[in-house]
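The values are calculated or read from the model by the stated rules, or taken from the named source; none is laboratory data. Everything numeric in this text was worked out from a predicted model, so none of it was measured. Please note: Cβ atoms are built from the backbone with ideal geometry, for glycine as well, and neighbour counts cover all protein chains shown.
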Amino acid sequence: MEIVALAGGVGASKLLVGLAHAMAPENLTIIVNTGDDLEMHGLTICPDLDIVTYTLAGIVNPATGWGIEGDTFATLQFLGRYERETWFNLGDRDLATHIHRSDMLRSGATLSECADSVRRALGVRAHILPMSDQPVRTQIETPAGLLPFQNYLVKHRAEPAVKAIRFDGADRSEPAPGILKAIADARGIVICPSNPLISIGPILAVPGIREALAARRADVVAVCPIVHGMSLKGPTAKMMAEMGIEVSARSIAGMYRDIASRLVIDESDASSRPEIEAAGMSIEITRTVMEAEEDKWWLGHFLVNLLHAKTTNATH
């Protein structure tokens with residue numbers, strides 16, 4: 001069964017491990033946010049693409065969810081002696097990925113070709129696609145001014161209040177090759193439990209992707225990133241609250257209602273079921289908190305079985 005997943009970084013990568021465990025990985029196509037990308041030290045850095053790839057390759061640093069396990073930071077430390085920026089952690093082995101990607105891009109390769117080269121070299125069987133080959137950059141409007149997303153998240157530790165979010169270049173972008181076909185042909189589509197504002201939002205801002213998902217709405221299931229009024233990873237809850245959005249599963253349902261027919265919520269939010277269903281989405285309730293490896297497998301199998309049952313029933 002062909003499945004497409006929309007993914008951000010650390011939170012999504014946990015679920016992707018579960019999905020890859022529950023199905024043939026080569027039948028999984030992952031559309032990854034690239035709004036977080038940045039240029040530093042003459043290199044193009046793609047945090048979410050790398051997190052997803054490193055995780056599925058089994059080499060991610062388990063303590064952080066990003067970077068490569070056991071990596072060292074000698075190059076970054078020496079760059080500091082030249083008074084270069086060192087606030088964005090780049091490990092020595094991680095730098096090899098950025099050098100390889102940047103050299104390919106300078107030689108005329110597309111970002112899709114770079115992503116495929118990296119995932120094949122690291123033995124990842126799932127297909128990994130950037131949301132677009134054109135640059136889209138997430139910008140955070142704060143009281144202190146406009147901040148590129150990584151400056152906001154890493155350099156400023158997500159401390160500035162968020163007034164608005166914009167995706168520079170989205171209007172000039174188009175879906176990476178293969179994305180629209182993968183969405184059209186998939187038996188099921190999963191929106192991972194990533195930040196809906198700055199991980200899934202940039203993907204949906206690429207012209208054509210939201211419309212393609214809306215056309216497949218009956219086969220799209222979203223996993224709620226909010227559990228009992230809190231985000232499990234990253235600044236999702238903080239950003240939502242600062243933008244005047246209720247931090248709840250009901251709000252997530254409102255964001256995805258036009259593109260997804262079902263929302264998977266955690267058992268602790270079961271009481272939200274009636275109001276979300278009244279708003280036009282079906283609810284599935286299970287354990288969505290992924291702490292141990294078994295939790296990732298559980299949720300992955302739950303979703304694969306859910307999508308399999310949906311398509312099986314549709315053919316009878």
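Based on what the data block shows, is VAL124 assigned by TED's automatic domain parsing to the domain that holds MET281 and either surrounded by 15 or more Cβ atoms within 10 Å (Cβ to Cβ) or within 27 Å of ALA96 (Cβ to Cβ) (or both)?
Numbers: assigned by TED's automatic domain parsing to the domain that holds MET281: no; either surrounded by 15 or more Cβ atoms within 10 Å (Cβ to Cβ) or within 27 Å of ALA96 (Cβ to Cβ) (or both): yes.
Answer is no for this residue.
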>> I'd like to verify a number: residues in the stretch 244-285 that are touching an Asp or Glu at 6+ places or on another chain (Cβ under 8 Å) and closer than 17 Å to ALA5 by Cβ, how many?
In response: 4
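Restricting the search to the stretch 220-246, which residues are assigned to a loop (DSSP other than H, G, I, E, B) and surrounded by 22 or more Cβ atoms within 10 Å (Cβ to Cβ)? I'd like the intermediate steps shown before the answer.
Kept after step one, since they are assigned to a loop (DSSP other than H, G, I, E, B), are these residues of the stretch 220-246: 224-225, 228-229, 232-235, 243-246.
Passing the criteria: CYS224, PRO225.
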> Does the stretch 256-264 contain at least one residue that is modelled with pLDDT under 95 and either in contact with a helix residue (DSSP H, G or I) (Cβ under 7 Å, 6 or more places away or on another chain) or not in a helix (DSSP H, G or I) (or both)?
Replying inline: no
> Do any residues in the stretch 226-248 that are assigned by TED's automatic domain parsing to the domain that holds ARG273 have Cβ atoms under 9 Å from those of residues that are among the aromatic types (Phe, Trp, Tyr), where the two are at least six apart or on different chains, and which pairs are they?
Replying inline: PRO235/TYR152
> Considering only residues of the stretch 285-316 that are surrounded by fewer than 16 Cβ atoms within 10 Å (Cβ to Cβ) and not in a helix (DSSP H, G or I), which is modelled with the lowest pLDDT?
Replying inline: HIS316
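For the stretch 161-168, state whether one or more residues are in contact with a Lys or Arg (Cβ under 6 Å, 6 or more places away or on another chain), surrounded by 13 or more Cβ atoms within 10 Å (Cβ to Cβ) and outside any helix (DSSP H, G or I).
Yes, the conditions are met somewhere in the stretch 161-168.
Could you run through the stretch 228-245 and say how many residues are under 20 Å from ARG262 (Cα atoms) and out of contact with any helix residue (DSSP H, G or I) (no Cβ under 6 Å at 6 or more places or on another chain)?
As a first pass, look at the stretch 228-245 and keep what is under 20 Å from ARG262 (Cα atoms): 228-229, 231.
Those left that are additionally out of contact with any helix residue (DSSP H, G or I) (no Cβ under 6 Å at 6 or more places or on another chain): 229.
Qualifying residue count for the region: 1.
For (1) surrounded by fewer than 17 Cβ atoms within 10 Å (Cβ to Cβ); (2) out of contact with any strand residue (DSSP E or B) (no Cβ under 6 Å at 6 or more places or on another chain); (3) of a type in the set (Gly, Ala, Ser), each residue gets a yes or a no:
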| residue | (1), (2), (3) |
| --- | --- |
| ILE51 | no, yes, no |
| TRP66 | no, yes, no |
| THR75 | yes, yes, no |
| GLY80 | yes, yes, yes |
| ASN89 | yes, yes, no |
| THR110 | yes, yes, no |
>> Could you list, ordered by first residue, the pairs with Cβ atoms under 9 Å in which the first is in the stretch 169-190 and in a loop (DSSP other than H, G, I, E, B) and the second is among the basic types (Lys, Arg), at least 6 apart or interchain?
In response: GLY169/ARG137; ALA186/ARG216; ARG187/LYS310
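For LEU153, indicate whether it is within 16 Å of SER199 (Cα to Cα), part of a helix (DSSP H, G or I) and modelled with pLDDT of 95 or more. Don't jump to the end; show me each part of the working.
On the way: within 16 Å of SER199 (Cα to Cα): yes; part of a helix (DSSP H, G or I): yes; modelled with pLDDT of 95 or more: yes.
Judged against the criteria, LEU153 is a match.
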> Quick one: LEU232 ticks every box in (1) touching a Lys or Arg at 6+ places or on another chain (Cβ under 8 Å); (2) within 25 Å of PHE167 (Cα to Cα); (3) hydrophobic (A, V, I, L, M, F, W, C) bar one, so which box is it?
Replying inline: (1)
>> Of everything in the stretch 255-283, what is surrounded by 16 or more Cβ atoms within 10 Å (Cβ to Cβ), closer than 19 Å to VAL190 by Cβ and not β-branched (Val, Ile, Thr)? Give them in sequence order.
In response: MET255, TYR256, ARG257, ALA260, SER261, ARG262, LEU263, ASP266, ASP269, MET281
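Could you run through the stretch 134-149 and say how many residues are under 18 Å from the mean Cα position of the chain (by Cα) and either of a type in the set (A, V, I, L, M) or surrounded by fewer than 20 Cβ atoms within 10 Å (Cβ to Cβ) (or both)? Walk me through how you get there before you give the answer.
Going residue by residue through the stretch 134-149, those that are under 18 Å from the mean Cα position of the chain (by Cα) are 134-140, 148-149.
Of the ones still in play, those that are also either of a type in the set (A, V, I, L, M) or surrounded by fewer than 20 Cβ atoms within 10 Å (Cβ to Cβ) (or both) are 134-137, 139-140, 148.
Looking only at that region, the number is 7.
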> Could you count how many residues in the stretch 191-213 are in a loop (DSSP other than H, G, I, E, B) and farther than 24 Å from ALA241 by Cα?
Replying inline: 3
> Of all the strands (runs of 3 or more DSSP E) wholly in the stretch 65-148, which have at least 1 residues that are at pLDDT 95 or above and among the hydroxyl-bearing types (Ser, Thr, Tyr)?
Replying inline: 137-142
> How many residues are farther than 16 Å from CYS192 by Cβ and in contact with a Cys (Cβ under 9 Å, 6 or more places away or on another chain) if we restrict to the stretch 34-60?
Replying inline: 4
>> If ALA222 satisfies all but one of (1) in the same structural domain as MET290 (by TED's automatic domain parsing); (2) farther than 19 Å from GLY300 by Cβ; (3) of a type in the set (Gly, Ala, Ser), what's the number of the condition it fails?
In response: (2)
